[in-house]
Amino acid sequence: MTGTVLVVHSAGPQGPGEGSEPLVRRLREELGGEFEVLFPVMPGTEDEPHYEPWRDRLSAELDALEGKVIVFGHSLGGSVALKYCAEVGFDEKVAGLVSAATPYWGTSDWEEEWALPEGWPAEGPRLPPAILFHSRDDEEIPFSSLERYAERLPDATIRPLDGNGHLYDRGDLAEIVAAIRSL
């Protein structure tokens, strides 16, 4: 095994065929035995997710791992991974960050909980090698989120895709798999 992919999933149920589960199943199939793909269920997933419990769970998961780790955030999980990176920072074991369908949050009311801190990444912890994907036909998160991340994170690699929808339960994952392998 080359390393570990730690998936921070989307909001909502994560059972068979729900949430990020179809994407994780496809990643496991396409990566074969090269990577262990971990898919811990975050707290409050089905009720009302909040950043702090997800941050704490991500921290505990990272602390428990040894060797090279790639953090993979899907949808809300991508928001959590990016905000965690901005506030806490990733240590040297995190080889990179990959996200898919990550919403870009503003600073109004409830959105502020998920928004990146002002001034980051110019100030604060460094962004590891990061590759952000978003499908143009995402029916949940506007494609403009990827464009906003391109402006905010100039060192990130931005990869628009076609035909994957929001759940990445269809379409080609070749670019995502290649990105994981590249890290």
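Dipole size of segment 68-183 about its Cα centre, with +1 on Lys/Arg Cβ and -1 on Asp/Glu Cβ: approximately 560 debye, rounded to the nearest 20.
How big is the Cα convex hull of segment 66-125 in projection, averaged over all directions, in nm²? Intermediate results must be reported in sequence, preceding the final value.
Details: hull surface 16.9 nm².
Computed as one quarter of the Cα hull surface, the answer is 4.2 nm².
For segment 1-64, what is the accessible area per residue in Å², given a 1.4 Å probe and the full set of protein chains? Kindly include the intermediate steps, with their values, before the conclusion.
Numbers: 2990 Å² over 64 residues.
Result: 47 Å² per residue.
All other residues with a Cβ under 15 Å from the Cβ of Thr4 taken together, and with Lys, Arg as +1 and Asp, Glu as -1, what is their net charge?
On the way: positive: Arg28, Lys68, Lys93, Arg181; negative: Glu34, Glu36, Glu61, Asp63, Glu66, Asp91, Glu92.
Combined, the nearby Lys, Arg, Asp and Glu give -3.
Carbon and sulfur together cover what percent of the accessible area of segment 25-183 at a 1.4 Å probe radius? Roughly 45 percent of what the probe reaches on segment 25-183 is carbon or sulfur. Could you compute the net charge surrounding Gly171? Neighbours are other residues with a C-beta less than 9 Å from the C-beta of Gly171; K and R count +1, D and E count -1. Computed value for this residue: -3.
Based on Cα contacts under 8 Å between residues 6+ apart, segment 107-183 shows a relative contact order of 29 percent. Computed with a 1.4 Å probe over protein heavy atoms only, the accessible surface of segment 80-163 comes to 48 Å² per residue. Can you check what the net charge comes to around Glu66, using other residues whose Cβ is under 14 Å from the Cβ of Glu66 (Lys, Arg +1; Asp, Glu -1)? That sum, taken over residues with Cβ under 14 Å, equals -3.
Helix-only mean residue ellipticity at 222 nm, the chain, DSSP H runs n ≥ 4 weighted -39,500 (n - 2.57), per residue, nearest 500. What is it? Spell out each step's value before the answer.
Working: 5 runs with 55 residues, N = 183.
Using -39500 (n - 2.57) per qualifying helix, the result is -9000 deg cm²/dmol.
Contact order, relative form, for segment 54-167: 24 percent (alpha carbon pairs under 8 Å, 6 or more residues apart, mean separation divided by residue count).
The values are calculated or read from the model by the stated rules, or taken from the named source; none is laboratory data. Small disclaimer: the values here were computed from a predicted structure and weren't measured. Every residue, glycine among them, receives a Cβ derived from its backbone with ideal geometry; neighbour counts consider all protein chains shown. The area values use the complete protein model at the heavy-atom level, side chains included, leaving out ligands, DNA and RNA. Shrake-Rupley method; radii C 1.70, N 1.55, O 1.52, S 1.80 Å.
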